[in-house]
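To keep things clear, I will list the structure first and then write my remarks on it.
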Amino acid sequence: MSTETENGRTAGAGAGSGSAAGAEAGTTRIHNIGYRNYEGSRLGRAYARRSLYSQSLRGAYGLGRSAKSKVLPMILFAVMCLPAAIIVAVAIATNLKTLPLDYTRYAIFTQAVIGLYLASQAPQSVSRDLRFKTVPLYFSRPIERVDYVLAKYGAMASALFVLTGAPLVILYAGSLLAKMDFADQTKGFGQGLVSVALLSLLFGGLGLVLAALTPRRGFGVAAVIATLTISYGAVSTLQAIAWSSDAIGAVKWLGLFSPVTLIDGVQTAFLGATSAFPGEAGPSAGVGVVYLLVVLALVLGSYAVLMRRYRKVGL
């Protein structure tokens, strides 16, 4: 009897629970909280790539970032342009007929500033994405690995071109104000722009490769400075030793082992520049072809290394 009662209570409880669940299900509502479908155009990969390029280029000069981030790149930009402004002022004041420093020599003359700028901005461009693991977020959108690499490489090369090209514009404008020969100055200005464009591609690729090898910004800065400084110092020392030992033929071949001397050799062979090698013993046009091929190989190799690097970290 008690069993039946318990069973009856159990059944009654089950029926009550079912009724409550049914009543609760009957009061379920779907609320509209304001989400709407996107009805605009899908801008796709090209727009994303351009946006990443422009943001990276702006970031290379601290634009769109904190005031603290603007200090170093703007100071280096001013330091880069200051010698050009002084040269122009002296040329105008003394009525010089030619500039005391060739357009093609300016980047070689200010290579230390270029190296500091690259060391400070290349890690900023890529190391933070690696450190905070945001690269997979880029690749979760329409952008792909090749878009990311091209945007970052293009932005870094463009930032260097602005840094190295602005002083040449100052020199050219000053030469016209000083009423120097228009044809000669225009030719020299064009040769200088070609030289710094090649330098920007080479230095930008090498800087990004070194910075992308580690998520730690400090290590990236040290790697860039060490690569540019040590290689140039070692090559210049060996060239001086070879020159003093009358091994003049070795001077031009030693220049293949430093980014700075590579650019010096290319512009000496093809752009009418005066070489900074000991005794001005720059490469001839024949050897200059080797220099140019090495530069192009390093540019393409930097791109290939970046593509391989982001194949691993982009997953």
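The values are calculated or read from the model by the stated rules, or taken from the named source; none is laboratory data. Since the structure is predicted, the reported quantities are computational estimates derived from the model, not experimental observations. Here the Cβ is made from the backbone with ideal geometry for all residues, glycine too, and neighbour counts use every protein chain on show. With ligands, DNA and RNA removed, areas are computed over all heavy atoms of the protein, side chains included. Shrake-Rupley method; radii C 1.70, N 1.55, O 1.52, S 1.80 Å.
Here are some notes:
- Hey, SER258 among the small types (Gly, Ala, Ser) and touching a Phe, Trp or Tyr at 6+ places or on another chain (Cβ under 7 Å) or not: yes
- Qualifying residue in the stretch 265-272 (condition: crowded, with 17+ Cβ neighbours inside 10 Å and more than 23 Å from VAL162 (Cα to Cα)): yes
- Whichever residue in the stretch 87-112 is among the hydroxyl-bearing types (Ser, Thr, Tyr) and outside any helix (DSSP H, G or I) and, among such residues, is least open to solvent (accessible area, probe 1.4 Å): THR110
Results for (1) at pLDDT below 95; (2) open to solvent by 20 Å² or more (accessible area, probe 1.4 Å); (3) among the charged types (D, E, K, R), shown as yes or no for each residue.
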position	(1), (2), (3)
ILE114	no, no, no
PHE139	yes, yes, no
ILE143	yes, no, no
TYR148	yes, no, no
MET156	no, no, no
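- Filter result (out of contact with any helix residue (DSSP H, G or I) (no Cβ under 6 Å at 6 or more places or on another chain), open to solvent by less than 60 Å² (accessible area, probe 1.4 Å) and touching a residue at least 24 places away in the same chain (Cβ under 8 Å)) within the stretch 164-192: ALA173, MET180
- Sub-8 Å Cβ pairs linking a first residue in the stretch 95-113 that is free of Cβ contacts under 8 Å to residues at least 24 places away in the same chain to a second residue that is of a type in the set (Gly, Ala, Ser) and open to solvent by less than 20 Å² (accessible area, probe 1.4 Å), at least 6 apart or interchain, are PRO100/ALA91, ordered by first then second residue.
- Breaking point among (1) in contact with a Ser or Thr (Cβ under 9 Å, 6 or more places away or on another chain); (2) at pLDDT 95 or above, for PHE270: (1)
- The stretch 246-274 residues that are over 12 Å from LEU292 (Cα atoms) and free of Cβ contacts under 8 Å to residues at least 40 places away in the same chain, paired with ones that are surrounded by fewer than 16 Cβ atoms within 10 Å (Cβ to Cβ) and of a type in the set (A, V, I, L, M, F, W, C) (beta carbon under 8 Å, 6 or more apart): PHE257/ALA234; SER258/ALA234
- For the stretch 76-86, the candidate set comprises residues that are touching a residue at least 12 places away in the same chain (Cβ under 8 Å) and small (Gly, Ala, Ser); within that set, the residue that is least open to solvent (accessible area, probe 1.4 Å) is ALA84.
- Qualifying positions in the stretch 287-310 - surrounded by fewer than 13 Cβ atoms within 10 Å (Cβ to Cβ) and modelled with pLDDT under 95: ARG308
- The residue of the stretch 45-65 that is nearest to the chain's Cα centre (by Cα), among those that are open to solvent by less than 80 Å² (accessible area, probe 1.4 Å) and of a type in the set (D, E, K, R), is ARG49.
- Top-ranked residue in the stretch 242-264 [being in a helix (DSSP H, G or I) and open to solvent by 80 Å² or more (accessible area, probe 1.4 Å); ranked as modelled with the lowest pLDDT]: ILE248
- Close contacts from the stretch 60-75, counting a first residue that is touching a residue at least 12 places away in the same chain (Cβ under 8 Å) and within 20 Å of LYS152 (Cα to Cα) and a second that is part of a helix (DSSP H, G or I) and open to solvent by 60 Å² or more (accessible area, probe 1.4 Å), with Cβ to Cβ under 6 Å and a gap of 6+ residues or different chains, come to GLY62/LYS70.
- In the stretch 281-293, the residues that are over 12 Å from LEU262 (Cβ atoms) reach residues that are outside any helix (DSSP H, G or I) with C-beta atoms within less than 8 angstrom, at least six apart or across chains, in these pairs: ALA281/SER275.
- Exclusive hit being polar (S, T, N, Q), in a helix (DSSP H, G or I) and modelled with pLDDT of 75 or more, set SER56, SER17, SER41: SER56
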